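Asker: For reference, the structure I am asking about is given below.
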Amino acid sequence: MQNIYIIGIGLIGGSMALDIKQSNPEVTIYGIDSNESHLDEAIQLGIVENKATIADLKNADIVIVSVPVDASLKIINDVLDAISENTLVIEVGSTKEAICDVTRKHSRRRNLLATHPIAGTEFSGPSAAIKGLFLGKTNIICEVEETAFKLQEIALKLFADLGMRIRYMNPKAHDKHIAYVSHLSHISSFMLGKTVIEKEKNERDIFDMAGSGFESTVRLAKSSPAMWTPIFKQNKDNVIETLEEYIANLEVFKKYLEADDYKAIYSEMENTNHIKTILKGIV
Ligand code: NAP
């Protein structure tokens, strides 16, 4: 019987726990979390069976580290210190370069697999955990060659159980690309929400008029600042680069409007419609 320990029993860790238990009912799932009420909630919701501590990790077959990326950097080497020789540690943070750097010299580096499951919602904590979150989604694995082959195989079986597709990337490329498709989208959504909230103070009707377009564009602004601040901190340089390009595009759009250049505006939107082809088939 396998012992699986989830450190950080929120949206990602909790959702993994639910799917793992469903496809492997014989495993025992333990939860470790700095938030005691989240642990109680996770037990009550049937996400984990028992509470545990870092010292218990010597009994772990698999450890999933799913805490915010700043916490992950702080605890990952203690986790590697606490495990046994054959334990697999899967880290799932949204940035990958810093975690690979901070563990590079650890004697148990070969027990660690650095991953980023590209799946999520705007909600946090154990109550946000859902079954099937990872089905058909991509899991990016970084520096796979640094992980023991035997443990890679165990991880791939687990990801297959979750229904995930695998892509391999180096951590630098991961952090650069993810800044565009994930980090910039979140900033854009947060700042759109801010712009509308500030206006709403004077114009109370604005939310009555908000349609599904506003709702879907601003959805990510409900995301947790505790999770996103350390992501922006760790990926600061790439995020600044994406912001500069995005702000430049907004400025150009504004200039066309000021100049009544509707042909240029039409063409900007028409060119961007190409996104329909790019995203076709992605759910
Ligand atoms: P979450 O729902 O907020 O869950 C994280 C849990 O970890 C919370 O219970 C939190 O408690 C706890 N925690 C914080 N610091 C801790 C520590 N030092 N030791 C033990 N527990 C600690 O977050 P999440 O959305 O699942 O994200 C977890 C990780 O997955 C992050 O690294 C994130 O970058 C990554 N990720 C997220 C998504 C997404 O869409 N959400 C997608 C892919 C990957 P408190 O709430 O009290 O702090």
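Asker: What number does region 208-265 give for Rg over Rh if you use C-alpha atoms and the Kirkwood radius? Write down the numbers at each step before the final one.
Answerer: On the way: Rg = 15.9 Å, Rh = 14.3 Å.
So for region 208-265, dividing Rg by the Kirkwood Rh gives 1.11.
Asker: If the elastic network links every pair of Cα atoms under 10 Å, which of Lys236, Lys58, Lys199 fluctuates the most in the Gaussian network model of the chain?
Answerer: Highest fluctuation of the listed residues: Lys199.
Asker: Determine the alpha carbon to alpha carbon distance for each of Lys194/Lys276; Lys58/Lys105; Lys199/Lys222; Lys137/Lys176 and list only those over 25 Å.
Answerer: Cα-Cα > 25 Å for Lys194/Lys276; rest within.
Asker: Then there is this: Taking every pair of alpha-carbon atoms in the chain, give the share separated by more than 25 Å as a whole percent.
Answerer: 52 percent
Asker: Here's a follow-up. How large is ³J(HN,Hα), in whole Hz, for each residue of region 48-56 in order, when computed from phi with the Karplus curve 6.51 cos²θ - 1.76 cosθ + 1.60 and θ = phi - 60°, using x for Gly and Pro?
Answerer: Result, ordered by residue: 10, 9, 9, 8, 8, 10, 4, 4, 6 Hz.
Asker: May I ask you to order 155-161, 30-36, 261-267, 220-226 by the average number of other C-beta atoms within 10 Å around their residues, highest value first?
Answerer: 30-36, 155-161, 220-226, 261-267
Asker: Counting Lys +1, Arg +1, Asp -1, Glu -1, what net charge surrounds Ser223 among other residues with beta carbon under 15 Å of its beta carbon?
Answerer: +1
Asker: Taking Cα pairs under 8 Å and at least six residues apart, what relative contact order does region 174-282 come out at, in percent? If you can, show how the numbers build up before the last one.
Answerer: Working: 39 pairs, mean separation 35.9, N = 109.
It rounds to 33 percent for region 174-282.
Asker: Can you divide the C-alpha Rg of region 1-158 by 2.2 N^0.38 Å and report the result to two decimal places?
Answerer: Working: Rg = 14.1 Å, N = 158, 2.2 N^0.38 = 15.1 Å.
Its radius of gyration relative to the 2.2 N^0.38 Å reference: 0.94.
Asker: Quick one: Cα centre-to-centre distance for region 91-110 and region 150-166, in angstrom?
Answerer: Centre-to-centre (Cα) distance: 19 Å.
Asker: Which residues does the label zone of Asn170 cover in region 142-157, counting backbone N under 19 Å from a point 7 Å along Cα→Cβ?
Answerer: 142-147
Asker: I would also like to ask the following. Using the crude model of +1 on Lys and Arg Cβ and -1 on Asp and Glu Cβ, and no other charge, please compute the dipole size for the chain relative to its Cα centre, in debye to 20.
Answerer: Computed about the Cα centre, the dipole is about 540 debye.
Asker: Next question. Pull up all non-local amide H partners of Ile64: gap of 5 or more, or a different chain, and H-to-H distance under 5 Å with H placed in the peptide plane.
Answerer: Result for Ile64 returns Tyr5, Ile6, Ile7, Ile90.
Asker: Run the helix sum for the chain: -39,500 (n - 2.57) per DSSP H stretch of 4+ residues, divided by residue count, reported at 222 nm to the nearest 500 deg cm²/dmol.
Answerer: It comes out at -15000 deg cm²/dmol, rounded to the nearest 500.
Asker: A further question follows. Given the options Gly213, Gly46, Gly13, state which has the largest fluctuation in a GNM of the chain using a 10 Å cut-off (strictly under) for Cα springs.
Answerer: Gly213
Asker: Placing +1 on the Cβ of each Lys and Arg and -1 on the Cβ of each Asp and Glu in the chain, which of Pro68, Ile83, Ile47 has its Cα farthest towards the positive end of the resulting dipole?
Answerer: With unit charges placed on the Cβ atoms, the residue in question is Ile83.
Asker: For Cα pairs less than 8 Å apart in space and 6+ apart in sequence, what is the mean separation divided by the residue count of the chain, i.e. the relative contact order in percent?
Answerer: 16 percent
Asker: Right, here's the next one. Quote the FRET efficiency, to the nearest 0.05, computed for Thr28 versus Phe253 with a Förster distance R0 of 35 Å and r equal to the Cβ-Cβ distance.
Answerer: 0.05
Asker: Percent antiparallel among DSSP beta bridges with both residues in the chain, to the nearest 5?
Answerer: Antiparallel bridges make up about 15 percent of those DSSP assigns within the chain.
Asker: Same structure again: Please list, in chain and number order, the residues 5+ apart from Thr138 or on another chain whose amide H is under 5 Å from its amide H, with Hs placed from the backbone.
Answerer: Here the answer is Ile118, Arg165, since their amide H atoms fall under 5 Å of that of Thr138.
Each reported figure results from applying straightforward, stated rules to the coordinates on display, with no laboratory input. This structure is a prediction, so every number in the text was calculated from the model and none was measured. Don't worry about glycine lacking a Cβ; one is built from the backbone with ideal geometry, like all the others, and counts go over all protein chains shown.
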